[in-house]
Structures are given as C-alpha cells and as structure tokens.
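I have placed the structure first, in the form of structure tokens, so that the comments after it can refer back to it.
Quick note: the coordinates plus some simple rules give every number you see, no bench work behind them. Values in this document were obtained by computation on a predicted structure and should not be read as measured data. Cβ atoms come from the backbone with ideal geometry, glycine included; neighbour counts cover every protein chain shown.
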C-alpha cells in the first residue's frame, strides 16, 4: 500500500466586484484511493460547497469570494491500494463489449482529435499485437518523439499541435496518447493529480496529467511523460481531456499566483506502507 501526504496552495488577488470559483483540488475517492484525512483552509469567510461525481470519484469545491486576496489551501493524506494485473492477461475489447460509461472516451474531444489521427495510428500501431503491449507501443512512440520542456506550450495546445512541434509538458503527452489510443478504438481518458517521485531538476512540483486506458473492462494507469512511477500518482480529476478537469475555473477578474505544491511518501513496514516504485505489472486505481 502507498501512503502519500500532499498540500496544494492557490493564491489570487481578486478585483472588480468579486469572483466565483470552481476548484478541482480534492483527492478523488475510489475503492482503491482512500482519503485518510484532509483539511481545507479558505482565507476569506465565505460559504463553500463540495460535490462529487459518482462515476469517477472526482470532487469539486465551489465558492464565491470578494475583492482582495484569497488563499485556498488543501492538505490530505491518501492511501492507495492498487489493483494489479499481469499485462499478458489484458486484452482490447470490441466496441460492442465496451461498457456504456466508457463509450464517451472513444470519441474525439477538444484537445484529442483522434478522428484526425486515424491514418497515422493505423500505420504506426495497426500491426501490433492487440492488448497491453500495443498501448505501451503508443506510449513509447510518444516518448521517442516528444521532448519534455516546461513552458513550451499553452492552454490551447492540442494533440495535433504536439505532433507538429514535438515538444510539450505532461498535459500534452497525455492528450497525444489519448488521441492515438482512441484512433485505434481504445477507450482512453485524462487524469489530473499530484505525482510523487518527479525529478525536481527537470521540473518544479506542479499538477500532473496522466492517462488511463481501458483493457479487459478496467482502467489502467499510464504516464506517457515518464517523469514519475505510476504507483506514485494521486488521482484528483478524471475526464475526456483537460477541458473537463481544470484545477481551477474562475468567473471574474483575478490575478493568480503559481500553485504551491508539496508531496511526500510514508514508508512503514509495520503498517505495510512502501514507497512508490516502478513495476512491470499493470496498475489500476479507478472506479471500475
């Protein structure tokens, strides 16, 4: 079992008659990710509500704040007990076998134009043995062609842009992998979270984007950017692409500061807690 403690602090300077916010910063709740404890601090004395999306366990915080500084700080400890599977057992599914709740993750979406990548995906991956190894081939293809570079893209960058520019950040790697998977009829979706184990000489701690692909009726984790072991990924939001799960949606005039994020892992053999590590097994932490 993995236990991760993390904190997220968001700071804003609000002007022009206040603003409304929808935050997606709470740790998701699934049968495999348990929130041991959590604490939320909002600097302004305002009413807030939290609601959960049952299909994914994603949780959203909604509030309205007045003019002036606003600090939202969320701290949590989560325990993740991954479902593990021998990759040889994982198969792709025919379209008529895909569960109804997963059908939305086959279609093109704003940042994942899978309909524009069908010929490329068929040429590059059509000959691969279907199953987990084909998904790995897509992931490896992206890693070989896209260079990780902080600040190289923006909020409008799509999978098509990443293929052309061959540079990006975790969000861009995720969008491209999702688009290529969908182009060969693999259900794939976008997940946001915090990652433990990142090389901080490569990038500062930030929100992280990764991918889930459905094989044999279950969602399995992939991190195409390769910056951290999938076992160290905390789940926050799950959607078709980044448009579904921004960490903050702001309605109003604000000046935001960069997020402040910390994370650490707990090792305690007596409690069965181990540090995240790389494994050859397939991992899942989602609601099936």
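I need the calculated FRET efficiency for the pair residue 38 and residue 116, taking r as the beta carbon distance and R₀ as 35 Å, to the nearest 0.05.
Efficiency computed from Cβ-Cβ geometry: 0.30.
Just to verify a number: FRET efficiency for residue 273 and residue 52, C-beta to C-beta distance, R0 = 30 Å, to 0.05?
Once rounded, the FRET efficiency stands at 0.70.
Counting C-alpha atoms alone, how compact is region 150-193: give Rg to one decimal and Dmax as a whole number, in angstrom.
Cα only, region 150-193: 10.5, 31 Å (Rg, Dmax).
Per residue, what volume in Å³ does the Cα convex hull of region 71-198 take up?
164 Å³
Place the peptides 166-173, 256-263, 149-156, 4-11 in order of packing, highest mean first, counting for every residue the other Cβ atoms within 10 Å and averaging per peptide. If you can, show how the numbers build up before the last one.
Values: 166-173: 22.1, 256-263: 14.6, 149-156: 11.5, 4-11: 19.5.
By packing density, highest mean first, the sequence is 166-173, 4-11, 256-263, 149-156.
If you line up the long axis of helix 170-183 against the longest principal axis of the chain, both from Cα atoms, how many degrees apart are they, to the nearest 10?
For helix 170-183, the angle is close to 40 degrees.
With everything on Cα atoms, drop me the angle between helix 132-145 and the longest principal axis of the chain, reported from 0 to 90° to the nearest 10.
Tilt of helix 132-145: around 70 degrees.
Given only helices, namely DSSP H runs of n ≥ 4 each adding -39500 (n - 2.57), what is the per-residue ellipticity at 222 nm of the chain, to the nearest 500 deg cm²/dmol?
-4500 deg cm²/dmol
What is the P(r) of region 150-288, as percent of Cα-Cα pairs per 5 Å bin from 0?
Over region 150-288, the share of Cα pairs per 5 Å bin runs 2, 9, 18, 22, 20, 15, 9, 4, 2, 0, 0 percent.
Å³ per residue of the Cα convex hull, for the chain?
128 Å³
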